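Written below as structure tokens is the structure these notes are about.
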Amino acid sequence: MGGVDTYVYGFGPGFSNSIGGVSGMFNVIVKGFNYEKVKSIAERFRDIVKRNPRVDNVDIDKSQLYWSKETFEVIARIDRAKLAEYNISVDQLFSILAKNTGGNLDYRKFKIANDKVDYRIKFSNYNDVQLTDLGNMIISENKNETFKINDVMTFTEQKVLSSINREDQQYIRYISFEFKGPYKYGQNYLEASIASLPVPISYSIKPAEFNFFLSEKDEIDILKVFGAAVLIIFMITASFFESFKKPIIILTAIPFALIGAVFFFWLFDFNIERGAYAGMLLLIGLCISNSIVLINYLSANCRSFSVEEIINLSKTRLRAILTTTLTTFAALIPFIISNESDFWKNLSLSISGGIIISSLYIILFMPMIFKLLAPRNKINTMR
């Protein structure tokens, strides 16, 4: 039916004809005083949410930070019956692995002037050996028979926690999953799944709060990045205008840009994720560019610094500011309506919301800020 958005969701094949039915990333936090029990709760929650075919990419080993590098471990399982067939001991197998990899599977020492010195015997290319190469390596320990490492061992790779986090003496584990459908339905399913999972006393599982998921130290690091960006912009604009007041006027657009970015995420009911952080950094440069267009023109052409003159001069810059804003927003629309990548959608929403709100501030209010800080006794100078 035209003009009607249809959603079919639940424990069965899902369907949506709405462009709003995109995959959303949902985050859950599990806390408790025992590491293994916290892991067990996370595994049980994973089993519950995976019953829904609309749920995908469940990750119970999610890093606390979105941009942290994922960590994997390789598990090797030995077929002892095969080892016996080839008349190879476990110690001999470990020795072969140690020579061809960067790991230390045994410790050997010799004495130099009564000092014990550790040593390792390895092949010269051990750093270049990949897991596939290691599995296909041909071994001939016994002259009568040759075999591959894969014949006696199997290797599996799995994701693990990049770090073990504790807060108030409780272990913390983050879980994330994607729900292929409207965000509000995914949120309802998340809450229902949590409610169906009993947890012991002193343990908790709840949706992660709508924030940056940063510890106090990490929040300080992020603030340092934003602070450094603002400081660099201030230094550049101060040297360009040879003034301290004008850069301050220009920088007042940044808070409104950030408010606009957060407002768009609230308005469209999306989570702030790593793409949003990158978008906010780009957004600072875009809103500053619009501010410079206005302030530079006012500085060069104001004579009496009257309200009427400032308004008339500002109107002449309206086309340049709106053109920059609208073309930027138009270029981001394909990413906003696309279902392909959450990163680009978050980045686009962040930039779009910020540049629209900051442009409104620049057009409507920045000329008055310029008027308030304009000199009353000098012409074309604002120190």
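Laboratory data are not the source of any read-out in this text; all were calculated from the coordinates shown. Because the structure is a prediction, the values reported are computed rather than measured. Every residue, glycine as well, gets a Cβ built from its backbone with ideal geometry; the counts of neighbours run over all protein chains shown.
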For the stretch 311-376, report the % of Cα-Cα distances exceeding 15 Å.
59 percent
Using the Cα atoms as the points, what is the convex hull volume per residue of the stretch 225-383 in Å³?
97 Å³
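For residue 248 and residue 331, what is the calculated FRET efficiency with R₀ set at 35 Å and r taken between the beta-carbons, to the nearest 0.05?
Numbers: r = 30 Å, r/R0 = 0.86.
So, using R0 = 35 Å, E works out to roughly 0.70.
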What FRET efficiency comes out for residue 368 versus residue 187 if R0 is 41 angstrom and r is the Cβ-Cβ distance? Round to the nearest 0.05.
0.50
Under a point spin-label approximation (7 Å from Cα along Cα-to-Cβ), what is the residue 81-residue 35 distance to one decimal in nm?
3.4 nm
